[in-house]
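**Student:** My questions will all concern the structure given below.
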Amino acid sequence: MRYLILTAALLLPLASAQMSVSDIPALPPGTVAQATPAAPAQAGPVAKVEIQDVEITAPVSTSATPTVASDDVGEVMIPVLATDKDGNPVTGVAVTWEVKNTGKNPVYVISVAVDGKATDIAATVAPDETVKYETMTGADGTVTLLLNATASTAAALKLTASTGEVKNLRDAAQTIDWIGQ
């Protein structure tokens, strides 16, 4: 408490600060003063990593630059959430993404987002090609991949984490179909 009281005294305007260090009562022997509040309780070990609600079909994109995020109709966000046994988000869980283009036209990997910050990837995945990305969940326990397509095609996602294969809320592997006009 000695430190906290001294800090408060230093924050007062000099004209009104009438306290000196000798006015601060000493701590009882064996007591340790904390300068900062205790850290919030950490979530327990990861119990579940799950793909959150994702559209299985989407219209094709109309964007001229499909590898750049533009809120276009063809963009599909795939959020993943890691939680402990009590449902609390878990930070720093490694998630491996495999995106396989199972269609006849390119699929575009736009970006990965963690803690509200997107990192551009801007990759084109050709038909029958698979790309792999390593990510980590952020402070809110999530990591999100953003995909796009400009013509009818499909993608199959295989995600793994320390808990094993990551499934969606329907306990199935995640696929996405882009449907053209």
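The values are calculated or read from the model by the stated rules, or taken from the named source; none is laboratory data. Keep in mind it's a predicted model, so treat the numbers as computed, not measured. Glycine also receives a Cβ, built like all others from the backbone with ideal geometry; neighbour counts cover every protein chain displayed. Note: areas computed on protein heavy atoms with side chains; ligands, DNA, RNA excluded. Shrake-Rupley method; radii C 1.70, N 1.55, O 1.52, S 1.80 Å.
**Student:** Please work out if N101 is open to solvent by 40 Å² or more (accessible area, probe 1.4 Å), at pLDDT 95 or above and out of contact with any Phe, Trp or Tyr (no Cβ under 6 Å at 6 or more places or on another chain). Spell out how you get there, then give the answer.
**Tutor:** Working: open to solvent by 40 Å² or more (accessible area, probe 1.4 Å): no; at pLDDT 95 or above: yes; out of contact with any Phe, Trp or Tyr (no Cβ under 6 Å at 6 or more places or on another chain): yes.
Spelling it out, it is not the case that N101 is open to solvent by 40 Å² or more (accessible area, probe 1.4 Å), at pLDDT 95 or above and out of contact with any Phe, Trp or Tyr (no Cβ under 6 Å at 6 or more places or on another chain).
**Student:** Of the residues that make up the range 55-66, is at least one acidic (D, E) and modelled with pLDDT of 95 or more?
**Tutor:** Residues of the range 55-66 acidic (D, E): 55.
Okay, now just the ones that are also modelled with pLDDT of 95 or more, so none.
No, the range 55-66 contains no residue that is acidic (D, E) and modelled with pLDDT of 95 or more.
**Student:** Quick check on my filter: what residues within the range 134-146 are of a type outside the set (D, E) and out of contact with any Asp or Glu (no Cβ under 8 Å at 6 or more places or on another chain)?
**Tutor:** First, pick out the residues of the range 134-146 that are of a type outside the set (D, E): 135-139, 141-146.
The answer is T135, M136, T137, G141, T142, V143, T144, L145.
**Student:** How many residues does the range 80-98 hold that are in contact with a strand residue (DSSP E or B) (Cβ under 9 Å, 6 or more places away or on another chain) and loosely packed, with under 15 Cβ neighbours inside 10 Å?
**Tutor:** Going through the range 80-98, the residues in contact with a strand residue (DSSP E or B) (Cβ under 9 Å, 6 or more places away or on another chain) turn out to be 80-85, 87, 89-98.
Still in the running and loosely packed, with under 15 Cβ neighbours inside 10 Å: 85, 87, 92, 96, 98.
Matching residues across the range 80-98 total 5.
**Student:** For the range 133-155, which positions are outside any loop (DSSP other than H, G, I, E, B) and of a type in the set (V, I, T)?
**Tutor:** The initial filter retains those residues of the range 133-155 that are outside any loop (DSSP other than H, G, I, E, B), namely 133-136, 142-148, 153-155.
Those that are outside any loop (DSSP other than H, G, I, E, B) and of a type in the set (V, I, T): T135, T142, V143, T144, T153.
**Student:** I need the full set of residues from the range 31-54 which are open to solvent by 80 Å² or more (accessible area, probe 1.4 Å) and modelled with pLDDT of 50 or more, in order please.
**Tutor:** Listed by number, the residues that qualify are Q42, P45, K48, D53.
**Student:** Something else now. Scanning the range 144-174 for residues that are within 18 Å of P45 (Cβ to Cβ) and either within 17 Å of the chain's Cα centre (by Cα) or hydroxyl-bearing (S, T, Y) (or both), which turns out least open to solvent (accessible area, probe 1.4 Å)?
**Tutor:** V166
**Student:** How many residues does the range 50-104 hold that are within 20 Å of A118 (Cα to Cα), touching a Pro at 6+ places or on another chain (Cβ under 9 Å) and touching a residue at least 40 places away in the same chain (Cβ under 8 Å)?
**Tutor:** Summing the residues that are within 20 Å of A118 (Cα to Cα), touching a Pro at 6+ places or on another chain (Cβ under 9 Å) and touching a residue at least 40 places away in the same chain (Cβ under 8 Å) in the range 50-104 gives 11.
**Student:** Okay, moving on. Is it true that S111 is in contact (Cβ under 8 Å) with a residue 40 or more places away in the chain, within 18 Å of the chain's Cα centre (by Cα) and surrounded by 13 or more Cβ atoms within 10 Å (Cβ to Cβ)?
**Tutor:** On the way: in contact (Cβ under 8 Å) with a residue 40 or more places away in the chain: yes; within 18 Å of the chain's Cα centre (by Cα): yes; surrounded by 13 or more Cβ atoms within 10 Å (Cβ to Cβ): yes.
Answer is yes for this residue.
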